[in-house]
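One structure is given below, encoded as structure tokens.
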Amino acid sequence: MNPQTLFYLLLAIIMIKFLFDSFINALNSKHFNDEIPSELKGVYNDKEYLKSQAYKKVNYKFSLIMSAFSIVLTILFFLFDGFAFVDNIARNISSNIIVITVIFFGIIIFASDILTFPFSYYKTFVIEEKFGFNKSSLKTFILDKIKSWLMMVIIGGGLLSLITWFYQVTTNNFWLYTWALITIFTIFMNMFYSKLIVPLFNKQTPLEDGELKTAIENFSQKADFKLSNVFVIDGSKRSTKANAYFSGFGSQKRITLFDTLINDLETDEIVAVLAHEVGHYKKKHIIYNLILSIILTGFTLYILSLLVGNSTLSQALGVEIASFHLGLIAFTILYSPISEITNLFMNGLSRKFEYQADDYAKNNFGSEALISSLKKLSKNSLSNLTPNKWYVKIHYSHPTLLQRILNLKK
Ligand SMILES: [Zn+2]
């Protein structure tokens with residue numbers, strides 16, 4: 001394939017993805033005014049239902065504007081040889097390949113982050129604020145940004161340097177070394193994320209003594225899950241939305257409950273949510289996800305190793321000298337239809353795991369409390385009770401509220 005053809009192929013992939021996403025979003029928006037299914041009557045009163053519809057519409061409009069902005073910018077960047085421009089800047093700063101690669105991605109990532117900054121500001125301080133969700137101060141918001149940039153520089157920059165170095169030293173076999181590196185890094189992060197990264201952004205405290213602790217104690221004894229692995233996180237620092245999650249494995253496993261969840265739910269509802277999270281642990285979902293993502297990474301890296309050295313990739317992006325960083329950019333776009341499919345599969349699997357965790361909670365604690373907690377959580381986050389089924393298949397990592405309730409009542 002000649003570089004010109006590849007250039008148009010890359011553009012076509014980007015545009016088709018944009019059109020496809022827009023189509024699915026539009027399809028979903030057609031259901032914003034659907035009647036609430038009878039199983040879910042009572043989640044919202046009339047006023048709350050109107051508010052949830054307004055919330056859906058505002059978010060839809062916002063995502064339309066943001067994706068239109070980003071596609072226009074991307075296409076202009078392609079048409080005006082943006083990659084060649086950035087490549088040139090990086091090459092003028094250093095002649096070391098590793099430094100060039102890090103500067104190249106650094107510029108692209110920071111520039112796009114700065115360009116989208118007004119959108120994330122608007123989302124938090126206008127939309128979320130208007131609907132009463134936002135609790136973040138401007139200071140927290142900016143500190144979050146700075147911390148995530150620092151993390152990106154240290155962790156992202158470090159990994160990228162190593163991978164570029166592997167490519168320089170071993171060329172065809174670089175994917176094996178990179179695979180080993182990413183595998184070790186993923187396992188490490190899975191185990192220590194809660195201990196190393198979360199504290200940079202949030203405070204986590206062991207559960208306080210009281211009625212809730214006693215209730216959880218009773219359940220965790222029955223379920224053989226150590227209470228010392230249950231933590232409360234100050235989610236209320238940023239948003240009123242509530243959540244809970246299971247993370248880590250082995251000695252590092254833990255369940256994290258948002259303080260907002262504890263605030264919003266009754267004791268037995270919280271224990272039901274905890275039972276669901278224990279279900280994820282009992283069914284080994286973290287381990288399965290980890291193994292699967294390691295296999296997928298190996299597969300992707302192998303395909304990358306077959307293509308990345310091809311100078312057509314760099315030439316398609318307007319640069320004569322073949323380079324690893326341009327090869328990586330072109331590859332990511334070429335591979336994106338395949339990663340769409342693997343995402344679809346991973347989301348499908350995740351929804352299956354959610355049913356299993358719900359079933360565990362149902363069989364070991366009962367379904368009533370879980371149903372009422374799911375209803376409350378949906379109500380408090382103004383969630384969409386009538387999403388389009390294709391939208392769910394593509395984007396939802398959890399089944400819809402209706403699907404979960406029907407499963408729990410089975
Ligand atoms: Zn779950």
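All of the numbers you see were taken from the coordinates with simple rules; none came from a lab. These figures come from a predicted structure and were not determined experimentally. Note that each Cβ is placed from the backbone with ideal geometry, even for glycine, and that neighbours are counted across all protein chains shown.
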Among Asp359, Asp21, Asp209, which one moves the most in a GNM of the chain with springs linking Cα atoms closer than 10 Å? Asp209
Measure nothing but the geometry: give the 0 to 90° angle between the long axis through the Cα atoms of 46-79 and the longest principal axis through the Cα atoms of the chain, rounded to 10°. 10
Measuring from centroid to centroid over Cα atoms, what is the spacing of the stretch 110-151 and the stretch 383-410 in Å? 29
Between Asp81 and residues 5 or more places away or on another chain, which pairs have amide H atoms under 5 Å apart, with H built 1.01 Å from N, and which residues are they? none
Would you list which aspartates and glutamates come within 15 Å of Lys130, measuring only between C-alpha atoms, while excluding same-chain residues fewer than 8 positions from it? Glu48
Largest first, please: the extent of the C-alpha atoms of the stretch 1-160 along each principal axis, to the nearest Å. 65, 43, 24
Residue by residue through the stretch 124-136, what is 3J(HN,Hα) from phi via Karplus (6.51 cos²θ - 1.76 cosθ + 1.60, θ = phi - 60°)? Round to whole Hz and write x for glycine and proline. 6, 8, 10, 6, 4, 4, 4, 8, x, 8, 6, 10, 6
What spacing in nm lies between the two simple spin-label points modelled at Ser236 and Ser22, each 7 Å away from Cα in the Cβ direction? 4.3
Give the calculated FRET efficiency between Phe77 and Ser38 to the nearest 0.05, with a Förster radius of 51 Å applied to their Cβ-Cβ distance. 0.55
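Which GluC sites (Glu not before Pro) in the stretch 149-247 sit in a loop by DSSP (not H, G, I, E or B) and have at most 16 other Cβ atoms within 10 Å of their own Cβ?
Working: sites: Glu208, Glu211, Glu217; in loops: Glu208.
Sites meeting the loop and neighbour criteria: Glu208.
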GNM result for the chain, Cα springs below 10 Å: residue of Ala111, Ala361, Ala84 fluctuating most strongly: Ala111
At R0 = 25 Å, how high is the FRET efficiency between Phe201 and Ser397 if r is their beta carbon distance? Nearest 0.05 is fine. 0.75
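For n ≥ 4 DSSP H runs only, could you compute -39500 (n - 2.57) per run for the chain, divide by its residues and tell me the 222 nm figure to the nearest 500? Before the final figure, lay out each step's value.
Numbers: 17 runs with 288 residues, N = 410.
So the calculated ellipticity at 222 nm is -23500 deg cm²/dmol.
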Once you order the gyration tensor axes a ≥ b ≥ c over the Cα atoms, which shape class does the stretch 230-376 get: rounded for a/c under 1.5, otherwise prolate or oblate by comparing a/b with b/c? prolate
Rounded if a/c is under 1.5, else prolate if a/b is larger than b/c, else oblate: which is the chain, with a ≥ b ≥ c the root eigenvalues of its Cα gyration tensor? prolate
So Leu290 and Ile13, fully extended at 0.36 nm per residue minus their Cα-Cα distance, gain in nm 96.8 nm
Report, in degrees rounded to the nearest 10, the 0 to 90 angle that the Cα long axis of helix 285-307 makes with the longest principal axis of the chain. 10
Global form of the stretch 119-220, assessed from the alpha-carbon gyration tensor, a/c cut-off 1.5: oblate
